[in-house]
Amino acid sequence: MSEMLSQDEIDALLRGTSDSSKPEAKPEEHLDSMESDALGEIGNISFGNSATALSTLLQQKVEITTPIVSEVTIDALRERYPTPHVALRVGYTEGLKGENVLVLTREDAAIISDLMLGGNGIDVDPEGLDEIRLSAVQEAMNQMMGAAATSLSTVFSKKIDISPPLVEVFDATKTQTIIDRLELWETMVLIEFNLKVGTLIDSKIVQIAPIQFGKQLVNELMTATSPQPVVPAAAAPKQEAPKAPAASAPQQPVRQEVKSAPEVAVSQAEFMPLHAPATNDSIPANLGLLYDVPLSVTVELGRTKRSVREVLELSQGSIIELDKLAGEPVDIYVNQQRIARGEVVVIEENFGVRVTEIIQPHERIGIV
């Protein structure tokens, strides 16, 4: 018969069994300073484009600037938003995996919805956020995040798409749909932007995402910006090919090729002096005679074709879909000749175009 265990040994075994039954805790993730700076830069790029889209929708000057990146827990989030706010959850369907939540004050959401519905945004009651007004806010945020996704597509060099945002008025002190979702995120990254809409809004808009999603964005940025190695794959096989035949046969053709190459280079080099006459002093003087000639500069946002019936059916408020995506470069014409491409910017209360590319002369041929 086996020897009986003492009580101390039994307790030790029980403690060991109890400890082994507990799931091993995963190490908590955090952002380092480099990752925080990278997320701030990503926010600058994406929400800068969002400001342009929102400005077009609201017919107001919109600025979204100065992102501040930090980490937050669910308890700290409840303390931060003790009063009801408007939250919009946005998921990514292509290019990225994950979701994030945008948080607005009810006052800001009420002003945005009023402007979307044709109002002036003045003396708006935040308590009047009914289903229709929330839908207007939802559409505004959808356009904003769509523009942000387009910017990320350019930065990350791949297509990124989002799902339509889900909107609700939530109270962080209570348990509701979006807060339930946030409970699943062990740690969260919080990116806070300044939001200005004309003289109506001077407030904050906050983006909240799981820490894993923030790290995913940083990894995508690092991958897109890292230089790709250049592998000269064709160099080695070309050297090996002449060695396959007999040693005496290929030597003479190789020498003939080496001799012919310098001859071509020398003959082309003789054209270099032809560039010298182009630097005479008469060209600036001749151009000076044309400096006061007026030119018509036109910026084309896009084009489309419509039948006569469709044109006659247009009325105030009709929307015409163009052949360009939001965020694509616009074409700049001078006297109906395309000479450059650019991006739309907002200067105070006016639109402008920042030139991003000058079209080479050979590309302009045949373009009206």
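Inspect all residues belonging to segment 49-68 and state whether any of them is more than 18 Å from the chain's Cα centre (by Cα), assigned to a helix (DSSP H, G or I) and among the charged types (D, E, K, R).
No; the residues of segment 49-68 include none that is more than 18 Å from the chain's Cα centre (by Cα), assigned to a helix (DSSP H, G or I) and among the charged types (D, E, K, R).
Assigned to a loop (DSSP other than H, G, I, E, B) and either within 30 Å of Thr187 (Cα to Cα) or over 27 Å from the mean Cα position of the chain (by Cα) (or both): which single residue out of Gly91, Gly119 fits that description?
Selected residue: Gly119, the only one of Gly91, Gly119 that is assigned to a loop (DSSP other than H, G, I, E, B) and either within 30 Å of Thr187 (Cα to Cα) or over 27 Å from the mean Cα position of the chain (by Cα) (or both).
If a residue must be in contact (Cβ under 8 Å) with a residue 60 or more places away in the chain, of a type in the set (Val, Ile, Thr) and not in a loop (DSSP other than H, G, I, E, B), how many such residues does segment 122-161 contain?
3
For residues that are open to solvent by 70 Å² or more (accessible area, probe 1.4 Å) and part of a loop (DSSP other than H, G, I, E, B), scanning just segment 74-88, find the one that is modelled with the lowest pLDDT. Quick ask: steps written out before the conclusion?
Step one: filter segment 74-88 for residues open to solvent by 70 Å² or more (accessible area, probe 1.4 Å), giving 75, 79-80, 82-83.
Narrowing the set further to residues that are part of a loop (DSSP other than H, G, I, E, B) leaves 82-83.
Working: Pro82: 77, Thr83: 80.
Applying the filter and picking the extreme gives Pro82.
Return only the number of the condition from (1) under 26 Å from Leu221 (Cα atoms); (2) at pLDDT 85 or above that Asp108 does not satisfy.
Failing condition for Asp108: (1).
Would you call Arg338 in a helix (DSSP H, G or I), within 42 Å of the chain's Cα centre (by Cα) and either modelled with pLDDT under 90 or of a type in the set (A, V, I, L, M) (or both)?
So Arg338 does not fit the description; no.
Just to be sure I understand, how many residues within segment 121-137 are within 21 Å of Thr199 (Cβ to Cβ) and open to solvent by 80 Å² or more (accessible area, probe 1.4 Å)?
3
Residues in segment 8-16: is at least one under 23 Å from the mean Cα position of the chain (by Cα), modelled with pLDDT under 85 and more than 24 Å from Gln216 (Cβ to Cβ)?
Checking segment 8-16: not a single residue is under 23 Å from the mean Cα position of the chain (by Cα), modelled with pLDDT under 85 and more than 24 Å from Gln216 (Cβ to Cβ).
Output the residues belonging to segment 341-362 that are surrounded by 15 or more Cβ atoms within 10 Å (Cβ to Cβ) and either of a type outside the set (Asp, Glu) or part of a loop (DSSP other than H, G, I, E, B) (or both).
Of the residues in segment 341-362, the ones surrounded by 15 or more Cβ atoms within 10 Å (Cβ to Cβ) are 341-344, 346, 353, 359.
Once the filter is applied, which keeps residues that are surrounded by 15 or more Cβ atoms within 10 Å (Cβ to Cβ) and either of a type outside the set (Asp, Glu) or part of a loop (DSSP other than H, G, I, E, B) (or both), segment 341-362 yields Arg341, Gly342, Val344, Val346, Val353, Ile359.
Among (1) in contact with a helix residue (DSSP H, G or I) (Cβ under 8 Å, 6 or more places away or on another chain); (2) closer than 19 Å to Ser55 by Cβ; (3) at pLDDT 85 or above, there is one condition Val346 misses while meeting the rest; what is its number?
(3)
The values are calculated or read from the model by the stated rules, or taken from the named source; none is laboratory data. Being a predicted model, the structure only gives us computed values, none of them experimental. Every residue, glycine among them, receives a Cβ derived from its backbone with ideal geometry; neighbour counts consider all protein chains shown. For accessibility, only protein heavy atoms count, side chains too; no ligands or nucleic acids. Shrake-Rupley method; radii C 1.70, N 1.55, O 1.52, S 1.80 Å.
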